[in-house]
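K.L.:
Take a look at this one; I'll ask things after.
The values are calculated or read from the model by the stated rules, or taken from the named source; none is laboratory data. As the structure is a prediction and not an experimental result, all values here were calculated from the model. Note: ideal-geometry Cβ built from the backbone for every residue, glycine included; neighbour counts use all protein chains shown. Side chains included, ligands, DNA and RNA excluded: accessible areas come from the protein's heavy atoms. Shrake-Rupley method; radii C 1.70, N 1.55, O 1.52, S 1.80 Å.
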Amino acid sequence: MTTLSTLNKFKKEGTKFTCLTCYDSMFARMMEKAEIDTILIGDSLGMVVQGHDSTLPVTVNDMAYHTANIARSNKHALILADLPFMSYVTLPEAVANSRTLMQAGAHVVKIEGGSELCELVTTLAQAGTPTCVHLGLTPQSVNVFGGYKIQGRGDEAADKLLADAKAVVDAGAALLVLECVPGALAKAVTEAVAVPVIGIGAGADTDGQVLVMHDMLGMAHGRVPRFIHDFLTDERNSAHSIEGAFALYQQSVREGSFPTEQHQFS
Ligand code: KIV
């Protein structure tokens with residue numbers, strides 16, 4: 001069973017670890033077999049499960065339902081669940097909604113933002129709820145960014161992201177996710193903080209990697225971002241199976257053969 005202590009140990013010894021999004025029981029069982037280290041019940045389910053154009057319509061009840069599906073079916077992975085859009089604007093709301101996700105089976109709640117989250121991170125930590133803070137391209141803010149764009153480019157933006165990362169870790173964040181930021185910035189953040197950092201489109205130097213499950217099974221629709229690799233049709237997946245794709249992802253991240261230069265932004 002993977003815990004936060006396991007991930008902290010991985011960071012100290014330089015062992016790379018995996019995370020995949022997952023939303024239902026059958027895939028959660030396959031991920032257990034492949035020994036995927038952590039599972040994220042991402043609010044990306046708004047797009048890949050519910051057919052919306054963004055994560056914004058996802059509700060706390062949706063998240064709790066899918067979190068419970070995973071918690072019943074996978075006893076190996078550390079389970080992270082997203083607090084969805086506008087469900088953590090006030091402290092009382094954030095605490096109540098975190099309780100719902102933790103009681104559904106999450107081990108960690110994930111929230112998007114920067115240093116403005118510090119008070120919430122500390123409150124939740126004191127209440128026994130570890131947080132994972134998602135920085136960089138935070139999809140809940142797509143309307144602020146004006147699209148899904150690389151973040152942290154240029155000195156000012158990079159300095160702000162690094163300062164935000166340090167602030168939330170000082171406030172008590174247990175994990176960070178960095179999405180779509182230049183590889184050099186992700187490396188600097190990973191080296192600057194004591195907690196494990198999980199990257200997506202953030203290069204090879206973060207402590208762990210996360211992908212949306214449907215994307216790494218070749219089911220991304222529309223333009224395929226450069227950080228995605230299709231592990232289902234990869235020739236090393238000799239069984240051509242979904243379980244084989246999960247196992248190949250686990251092996252590739254652990255041994256450092258994924259991601260490569262071609263998957264990262266500068
Ligand atoms: O919701 C999600 O799937 C995520 C990942 C892309 C990190 O936040």
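K.L.:
I need every pair where a residue in the stretch 220-234 that is closer than 14 Å to V210 by Cβ has its Cβ under 9 Å from the Cβ of a residue that is assigned to a loop (DSSP other than H, G, I, E, B) and open to solvent by 50 Å² or more (accessible area, probe 1.4 Å), sequence separation at least 6 or different chains.
P.N.:
P225/Y148; H229/T260
K.L.:
Among the residues of the stretch 42-90, write down those that are part of a helix (DSSP H, G or I), more than 13 Å from the ligand (Cβ to nearest atom) and open to solvent by 60 Å² or more (accessible area, probe 1.4 Å).
P.N.:
N61, Y65, R72
K.L.:
Please tell me if G51 is more than 27 Å from E243 (Cα to Cα) and either of a type in the set (G, A, S) or at pLDDT below 95 (or both).
P.N.:
The answer is no for G51.
K.L.:
Inside the stretch 1-22, can you point out the residues that are among the hydroxyl-bearing types (S, T, Y), open to solvent by 10 Å² or more (accessible area, probe 1.4 Å) and either closer than 13 Å to N69 by Cβ or touching a Leu at 6+ places or on another chain (Cβ under 9 Å) (or both)?
P.N.:
Passing the criteria: T3, T6.
K.L.:
Among the candidates E32, E116, E93, single out the residue that is touching a residue at least 40 places away in the same chain (Cβ under 8 Å) and either more than 25 Å from I242 (Cα to Cα) or assigned to a helix (DSSP H, G or I) (or both).
P.N.:
So the residue among E32, E116, E93 that is touching a residue at least 40 places away in the same chain (Cβ under 8 Å) and either more than 25 Å from I242 (Cα to Cα) or assigned to a helix (DSSP H, G or I) (or both) is E32.
K.L.:
Here is a further query. Can you spot a residue in the stretch 119-133 that is at pLDDT 95 or above, within 15 Å of the ligand (Cβ to nearest atom) and of a type in the set (A, V, I, L, M, F, W, C)?
P.N.:
Scanning the stretch 119-133 turns up at least one residue that is at pLDDT 95 or above, within 15 Å of the ligand (Cβ to nearest atom) and of a type in the set (A, V, I, L, M, F, W, C).
K.L.:
Out of V58, V95, V89, I need the residue that is modelled with pLDDT of 95 or more and in contact with a Gly (Cβ under 9 Å, 6 or more places away or on another chain). Which one?
P.N.:
That would be V58, the only listed residue that is modelled with pLDDT of 95 or more and in contact with a Gly (Cβ under 9 Å, 6 or more places away or on another chain).
K.L.:
Within the stretch 102-138, restricting attention to residues that are charged (D, E, K, R) and open to solvent by 10 Å² or more (accessible area, probe 1.4 Å), which residue is farthest from G172 (Cα to Cα)?
P.N.:
Taking the candidates together, the pick is E112.
K.L.:
While we're on this one: Pull up the stretch 234-259, narrow it to residues that are of a type in the set (S, T, Y) and more than 19 Å from the chain's Cα centre (by Cα), then point me to the one that is most open to solvent (accessible area, probe 1.4 Å).
P.N.:
If we take residues in the stretch 234-259 being of a type in the set (S, T, Y) and more than 19 Å from the chain's Cα centre (by Cα), then S238 is most open to solvent (accessible area, probe 1.4 Å).
K.L.:
Still on this structure: Return yes when G46 is over 16 Å from L101 (Cα atoms) and out of contact with any helix residue (DSSP H, G or I) (no Cβ under 9 Å at 6 or more places or on another chain) and no when it is not.
P.N.:
No, not satisfied.
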